[in-house]
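Heads up: the structure comes next, in structure tokens.
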């Protein structure tokens, strides 16, 4: 009998892909900032597949059973990652959008960013009461986006089970902001 890959081997393949394919871009979008460009990772089938598998592991229990009903991606790069994670888990994908982008009745949460304010919205019927939700995004920085998204899910009656991100900026308070929500981060910067 052949067993599938272990969570550790899936995460190791994803970390290798991140190390090889994420590029540092100095002074973007402004002087002093080192931007992490994930577009080479997205363009590499094997690397992208490894990352999707590792992020999807956050939606499974130790036996590999899917433990979430929906996967949420936060605008905009979270969409690119969350949609294939939802497919890998056999669940639905739900977008959380910036204000004014959803066509039907939505819950809205405003929050502070390191450079201003933002508002996120979620269709009121996107998450059914009691549904378990995995949040997926590219970066965990201050944690404001995750905290606001969690509040949107709770307003629908859903339950956030965790957050999975490509990378975490360790010099910012993301983990403290998200509180008791389990965080899966494939790379720490």
The chain: antiparallel bridges as % of DSSP beta bridges, rounded to 5, reads 40 percent
Expressed in nanometres to one decimal, the distance between label points 7 Å along Cα→Cβ at residue 6 and residue 75 is 4.2 nm
Between rounded, prolate and oblate, where does the chain land on the alpha carbon gyration tensor, with a ≥ b ≥ c its root eigenvalues, rounded for a/c under 1.5, else prolate if a/b exceeds b/c? oblate
With just the Cα atoms defining each centre, how far is segment 108-137 from segment 1-71? Give it in Å. 22 Å
Across 40, 129, 31, the residue with the highest GNM fluctuation in the chain (Cα network, 10 Å cutoff) is 31
Using a/c under 1.5 as the rounded threshold, could you call segment 60-106 rounded, prolate or oblate? The axes a ≥ b ≥ c are square roots of the C-alpha gyration tensor eigenvalues, and prolate needs a/b larger than b/c, oblate otherwise. prolate
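Computed from the coordinates by the stated procedures, all read-outs in this text should not be read as laboratory data. Please read all numbers here as calculations on a predicted model, not as lab measurements. Cβ coordinates were reconstructed from backbone atoms using ideal geometry, including for glycine residues, and neighbour counts include every protein chain displayed.
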